[in-house]
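Take a look at the structure below.
The values are calculated or read from the model by the stated rules, or taken from the named source; none is laboratory data. It should be emphasised that the depicted structure is a prediction, and the values quoted were computed from it without experimental measurement. Here the Cβ positions follow ideal geometry from the backbone for every residue, glycine too, while neighbour counts run over all protein chains shown. Note: areas computed on protein heavy atoms with side chains; ligands, DNA, RNA excluded. Shrake-Rupley method; radii C 1.70, N 1.55, O 1.52, S 1.80 Å.
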Amino acid sequence: MCGIAGHFGQEEISFNQLIKIKSILKHRGPDANGHFRKKIDKNNLLLLHTRLSIIDLNKRSNQPFFYDDSILIFNGEIYNYLELMLELKMLGHKFNTTSDTEVLIHSLRQWGLSALNKFEGMWAFAWYDLREKKLFLSRDRFGEKPLYYLTKKNNFYFGSETSIFNSFLKEKLEI
């Protein structure tokens, strides 16, 4: 189990809000945490991850994970990642980790959103493509991994738990 959270919109998320969200999600991923912020045109992007290390325990597999002008935060497990890694290697991909996270991001870059049809497992992830300036969220077919989202005043918020939304927003929500 890991924790993911993010925001895309004109609101600027403060450092204190960021720390609060990480503390809320720490129980989902006590081994590492990280975040990525970027101003994109008039919007702000924030991707946040707390990690429970299961596959490739090395810190090189911490998230957010970067590959070829894209960024990924991921909660779950791709069961067939070794088979997909082999297929991607045959297509010329080189890997720096033995993680399903790296296989996931390479798959998205190689096959686009049709990569979802190849995945066996349980997941919730957010992938931002810097080239296309697009944010894509996905949850596994059976909804085993949680992924909640909220829009408010042209801002899009998402995460593994609804409890993070009050930390993103200035006022308290009744959820």
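The packing ranking of peptides 71-77, 20-26, 158-164, highest mean first, is 71-77, 158-164, 20-26, where packing means the average number of other beta carbon atoms within 10 angstrom of each residue.
For the stretch 138-167, applying the loop criterion from DSSP together with a ceiling of 14 other beta carbons within 10 Å to the trypsin sites (Lys or Arg not before Pro) yields Arg141, Lys153. The C-alpha atoms of the chain define a longest principal axis, and helix 81-90 lies at about 60 degrees to it. Based on protein heavy atoms only, the stretch 1-108 ends up with 47 Å² per residue of surface accessible to a 1.4 Å probe. A helix-only calculation puts the chain at -6000 deg cm²/dmol for mean residue ellipticity at 222 nm, using -39500 (n - 2.57) for each DSSP H run of at least four residues, averaged over all residues. Could you list the residues of the stretch 88-105 with an amide nitrogen less than 16 Å from a label point located 7 Å from the Cα of Lys118 in the Cα-to-C-beta direction? So the set is 88-96, 99-105. Computed over the chain with a Gaussian network model linking Cα atoms closer than 10 Å, the most mobile of Tyr128, Tyr157, Tyr67 is Tyr67.
For the set Arg37, Arg131, solvent exposure ranked by accessible area (probe 1.4 Å, protein chains only) runs largest to smallest as Arg131, Arg37. For the stretch 100-175, the Cβ-based charge dipole about the Cα centre amounts to some 380 debye (Lys, Arg positive; Asp, Glu negative; other atoms uncharged).
Only Lys, Arg, Asp and Glu carry charge here, each on its Cβ (+1 for the first two, -1 for the last two); on that basis the chain has a dipole of about 600 debye about its Cα centre. Restricting the GluC sites (Glu not before Pro) of the stretch 103-144 to loop positions (DSSP other than H, G, I, E, B) with no more than 12 neighbouring Cβ atoms within 10 Å leaves Glu132. The long axis of helix 100-111 is offset from the longest Cα principal axis of the chain by roughly 80 degrees.
The share of accessible area on the stretch 93-169 that comes from carbon and sulfur is 47 percent, using a 1.4 angstrom probe. List the residues of the stretch 119-133 whose backbone N lies under 12 Å from a point placed 7 Å from the Cα of Trp111 along the Cα-to-Cβ direction. Once the point is set 7 Å along Cα→Cβ of Trp111, 119-121 turn out to lie under 12 Å by backbone N, inside the stretch 119-133.
Residue-normalised convex hull volume from the C-alpha trace of the chain: 110 Å³ per residue.
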